[in-house]
Amino acid sequence: MAQDETRALSPFPAAPAASVPQEEPSSRSVWVTRLVILGLVLAALNLRPAITSLGPLLEEVRTDLGMSGSVAGLLTSVPPLCFAVFGLTAPRLARRFGPGAIVCAGMAAIALGLLIRPYLGGTAGFLAASALALMGIAVSNILMPVIVKRWFPDRVGQMTGLYSMALALGTALAAAATVPMTHALGGSWQTGLAVWGTLAAVAVLPWLVLTRHPSTRSPKKHTPAAQEQGSGAPAPTFSITRSRTAWALACFFGLQATAAYITMGWMPQIFRDAGVSAGTAGVLLAVTMAMGIPLAFVIPRVASRMRSQGPIVVVLGLCGLMGYAGLYVAPASGAWAWALLLGVSNCAFPLALTMIGMRARSGAGVVRLSAFAQSTGYLFSIPGPLLVGVLYQHSGSWGLPIGLMAGLMVPQIVVGVLAGRNRTIEDELR
């Protein structure tokens with residue numbers, strides 16, 4: 001049963017057990033492995049542009065769609081809401097269709113959502129199309145650690161770093177290039193946002209090839225093992241909610257997500273209100289996101305070699321506190337320094353992904369821990385960006401919102417240290 005469950009977590013549906021021998025990842029053809037790596041990188045590039053492309057143009061979107069500050073805050077809370085809700089479906093969908101097929105569908109949903117959302121008219125249509133794109137991001141978020149664990153069990157830190165670096169690159173690229181592209185394409189914010197759908201469409205291609213390859217198609221003849229894999233029957237479960245490490249990791253993930261989505265949704269507006277131009281504000285956000293490109297590759301590799309990841313959590317948290325203090329005291333004059341510090345702090349995301357892979361022994365444990373930590377964490381993060389919008393609208397300044405951001409960094413450090421202890425959920429539950 002344990003072997004059947006592990007095979008069910010493969011990125012692709014299993015081949016017929018009676019006619020095609022079960023292959024281990026190490027014996028698969030080199031081109032398929034390389035295509036998986038390409039698919040991981042392209043998928044990761046598309047996991048944030050739907051969000052960071054909006055920040056630099058949020059003022060124009062609000063004006064054209066008639067959004068209040070509170071509604072704009074709701075808009076910045078939609079990503080974690082979708083990640084929490086749709087992320088819960090990822091494990092069941094992965095068992096039924098294979099993680100690779102679900103990531104392929106996720107990329108298609110991102111492409112469609114981004115292409116149509118600027119043109120539906122009104123806030124409701126914009127939110128609905130955004131939710132479609134975010135649904136694709138949500139399931140892909142959950143399944144990335146699963147695919148890494150299945151295909152590269154001895155290189156979890158390295159491969160997590162690779163796709164985290166690609167994720168940071170896509171995040172920064174969308175933040176920096178959206179305003180210039182908007183101007184180059186005629187000045188319409190609709191075109192500037194829709195263009196990112198083409199990047200997601202490209203990401204569909206490698207996953208489409210992989211899911212259609214003969215060695216990765218769904219079985220036509222069902223052995224008992226194949227029936228268990230293809231019928232959607234749930235794998236054996238354990239109560240992950242009894243694990244203190246799982247809860248600590250979920251809280252850490254939620255708090256870092258709160259900080260990240262507040263930063264992506266509101267930091268450009270903070271700088272614009274301080275007198276910085278829209279283009280420069282977008283570049284500053286890009287600098288913050290770009291810090292994750294080198295650090296997202298380095299931090300997972302370093303973290304995977306440490307028995308406890310607590311020291312890294314503390315360093316990242318202190319950088320966040322200094323960045324928020326700078327935003328409060330001198331948002332314009334020290335803008336570049338605060339953008340760099342917050343960029344370092346935002347690298348808690350690849351650290352959290354690395355810890356998900358390290359806090360479980362098996363592929364089954366990783367998929368459950370990934371779904372629980374990310375879905376629960378994103379659920380915790382929903383109020384943060386919305387509350388920032390409400391505080392900003394009612395106070396008329398950024399003092400209270402920045403105080404909230406800094407205050408949340410303290411519990412993030414505490415739960416991150418607890419999540420970084422050298423233990424696994426299987427050991428705790430046993």
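The values are calculated or read from the model by the stated rules, or taken from the named source; none is laboratory data. Because the structure is a prediction, the values reported are computed rather than measured. Positions of Cβ are backbone-derived with ideal geometry, glycine not excepted, and every protein chain shown enters the neighbour counts. To get the accessible areas, we keep the full protein, side chains included, count just its heavy atoms, and leave off ligands, DNA and RNA. Shrake-Rupley method; radii C 1.70, N 1.55, O 1.52, S 1.80 Å.
Below are the figures for this structure:
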| quantity | calculated |
| --- | --- |
| Residue in the stretch 237-246 that is at pLDDT 85 or above, within 21 Å of the chain's Cα centre (by Cα) and under 25 Å from Ile147 (Cα atoms) present | yes |
| Top-ranked residue in the stretch 368-400 [being modelled with pLDDT of 85 or more and among the β-branched types (Val, Ile, Thr); ranked as farthest from Ala325 (Cα to Cα)] | Thr376 |
| Residue in the stretch 293-300 that is of a type in the set (A, V, I, L, M, F, W, C), open to solvent by less than 10 Å² (accessible area, probe 1.4 Å), part of a helix (DSSP H, G or I) and within 30 Å of Thr178 (Cβ to Cβ) present | yes |
| Filter result for Ala226 (modelled with pLDDT under 80 and of a type in the set (A, V, I, L, M, F, W, C)) | yes |
| Residue match in the stretch 275-286 (condition: free of Cβ contacts under 8 Å to residues at least 12 places away in the same chain, farther than 22 Å from Leu173 by Cα and hydroxyl-bearing (Ser, Thr, Tyr)) | no |
| Unmet criterion (only one of (1) β-branched (Val, Ile, Thr); (2) modelled with pLDDT under 80; (3) closer than 29 Å to Arg62 by Cβ) for Val179 | (2) |
| Count of the stretch 95-114 residues which are open to solvent by 10 Å² or more (accessible area, probe 1.4 Å), within 14 Å of Ile142 (Cα to Cα) and of a type in the set (Gly, Ala, Ser) | 2 |
| Of the criteria (1) modelled with pLDDT of 90 or more; (2) surrounded by fewer than 20 Cβ atoms within 10 Å (Cβ to Cβ); (3) more than 18 Å from Met267 (Cβ to Cβ), which one Ile413 fails | (2) |
| Condition check for Val314: at pLDDT below 90 and farther than 18 Å from Ala166 by Cα | no |
| In the stretch 325-367, the residues that are at pLDDT 90 or above and of a type in the set (Phe, Trp, Tyr) | Tyr328, Trp336, Trp338 |
| Residue in the stretch 142-160 that is in contact with a helix residue (DSSP H, G or I) (Cβ under 8 Å, 6 or more places away or on another chain), in a helix (DSSP H, G or I) and over 23 Å from Leu93 (Cβ atoms) present | yes |
| Close pairs from the stretch 237-261: first within 14 Å of Gly365 (Cα to Cα), partner acidic (Asp, Glu), Cβ under 7 Å, at least 6 apart | Ser243/Glu428; Thr245/Glu428 |
| Which listed residue, of Gly170, Gly125, Gly161, Gly121, is small (Gly, Ala, Ser), at pLDDT below 80 and touching a Lys or Arg at 6+ places or on another chain (Cβ under 8 Å) | Gly161 |
| Filter result for Leu316 (buried (at least 21 other Cβ atoms within 10 Å of the Cβ), touching a residue at least 24 places away in the same chain (Cβ under 8 Å) and part of a helix (DSSP H, G or I)) | yes |
| Residue, modelled with the highest pLDDT, within the stretch 83-94, restricted to residues that are outside any loop (DSSP other than H, G, I, E, B) and open to solvent by 10 Å² or more (accessible area, probe 1.4 Å) | Leu93 |
| Residues being of a type in the set (A, V, I, L, M), closer than 15 Å to Pro118 by Cβ and open to solvent by less than 20 Å² (accessible area, probe 1.4 Å) - total across the stretch 180-204 | 3 |
| Tally of residues being surrounded by fewer than 21 Cβ atoms within 10 Å (Cβ to Cβ) and part of a helix (DSSP H, G or I) across the stretch 330-343 | 3 |
